[in-house]
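Beneath this line is the structure, given in structure tokens, with notes to follow.
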Amino acid sequence: MNRLKKRRPFDPVPGFVFMICNNTKCTRAIPEDAVFCPYCGRKQERPKRKTKSRGNGLGSVYKLSSGKWAAVKTVGWVLDPLPPDAPPDAVPRKRRRTVSRQFSTRKDALAALPFLTAADRRPKQGTATQRKKTAVTLKELYDQWEPTHQKSRSTMNCYRSGFRLFAPLWNVAMEDLDVDDLQDCLDDSDAGRRTRENARAALGLVYKYGIPRDAVPKDRNLAQFLRITDPGESSKKPGLSLAELDLVRAAAEGGDVVARIVLCHCYLGFRPTALLQLTAADYNETRGCFVGGIKTEAGKGRTVTVSPKIAQHVAVLRDLAGDGYIFGRAGAALSLSDYRALFYELLERLKIRNPVDEQGRHRLTPHSCRHTFATLLKRTRGADADKLALIGHTSTEQLREYQDVPLEDLRAITDQL
């Protein structure tokens, strides 16, 4: 039988430059310009290392043995408590908390990755399961309650008039409501103090009706935490500062989907609920504007032009959404509670301080993007009527209530004195 002759090893020559074969079983010295190893025949072109497509903390996607794709994201860390007899210099063990979901395709896993939050964690086996959410909305529960409340016609009319202040949240599930969103509805209104008091009273009665009927969890009457402010007093939260807005912009330019949504929110000025309801049909790409809005007659169907600073981000989100919701989960609708959780997670990731007061309210909420928009309007030249049309109000007093007055703006005035 003819056998192939064994390849003659390459004999190193003094004075020549050599390198090591990239075959771990060979590792012989070979000429630097060799394409193949003369000993084992391994090709010596080293593949370029792929750069990371996502930064730290944004999660990863990999294929499972079942053929499905898993999206995994780190949502926090926990320290295991030390036993009582632990030595003084003992260090507690740090464990990572992750969220994992499975999808049929890699595209679906990548699209869902930015929206995974700590709220998506499943309870461990053997622990108490989470309470199943109910699908009843605020307006549906109000319609169930109203016929059961036997009061005079004038009293019920007052309740109806006050309850209209919560119109932006009518289609939100009861368990998704947050005290910040409810408070923003009251602060966002130019109604009188009595009407706002009626709104709070009607909301409290709706909660009392829904709790024993398992429509909302027990001890969750958020109406008791709402504040009615006097003229001249404001419970509004500030918008994002210019430095904080720059951090969000940098993250958006780095490809962070949530940062893109928040940045667009700051430059569009829609109420959070109205923003999440915008679809591809509401966006006129030729004219570069959105047509949408809810709550008041001034806020319904208004035209909001797209700033050049967010045009590229709107285009990216529009392509991801297809014919669905532009500011959602790759075309799927994004709930208000999910958007709120993603908003808080983004601020934490960008190291933006967002403390909570004694009543559990954050300094910055998704509604703060609307205040940011109003403050940006104040820095631009234009008629008040045009600015009111953009933000969806009819009175200049309400527009000024939305606008923050930064120290640098006051200093710019006094420096000209």
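The values are calculated or read from the model by the stated rules, or taken from the named source; none is laboratory data. Given the structure is predicted, the values throughout are model-derived calculations rather than measurements. Heads up, the Cβs are rebuilt from the backbone with ideal geometry, glycines too, and the neighbour counts pull from every protein chain shown.
Scan region 163-210 for residues that are in a helix (DSSP H, G or I), within 28 Å of the chain's Cα centre (by Cα) and hydrophobic (A, V, I, L, M, F, W, C) and report the count.
Of the residues in that region, 11 qualify.
Just the residues that are of a type in the set (A, V, I, L, M, F, W, C) and under 17 Å from residue 148 (Cα atoms), please, taken from region 204-222.
205, 206, 211, 215
Table: residues versus (1) farther than 30 Å from residue 208 by Cα; (2) assigned to a strand (DSSP E or B); (3) modelled with pLDDT of 80 or more.
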| site | (1), (2), (3) |
| --- | --- |
| 72 | yes, yes, yes |
| 75 | yes, yes, no |
| 102 | yes, yes, yes |
| 127 | no, no, no |
| 140 | no, no, yes |
| 150 | no, no, yes |
| 154 | no, no, yes |
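Please find, within region 53-67, the residue that is modelled with the lowest pLDDT out of those that are assigned to a loop (DSSP other than H, G, I, E, B) and closer than 19 Å to residue 115 by Cα.
53
Which one of these is part of a loop (DSSP other than H, G, I, E, B), surrounded by 18 or more Cβ atoms within 10 Å (Cβ to Cβ) and either of a type outside the set (D, E, K, R) or modelled with pLDDT of 80 or more (or both): 308, 366?
Exactly one residue qualifies, and that residue is 366.
Could you tell me whether residue 250 is out of contact with any Asp or Glu (no Cβ under 6 Å at 6 or more places or on another chain), outside the structural domain of residue 275 (by TED's automatic domain parsing) and surrounded by 13 or more Cβ atoms within 10 Å (Cβ to Cβ)?
It is false that residue 250 is out of contact with any Asp or Glu (no Cβ under 6 Å at 6 or more places or on another chain), outside the structural domain of residue 275 (by TED's automatic domain parsing) and surrounded by 13 or more Cβ atoms within 10 Å (Cβ to Cβ).
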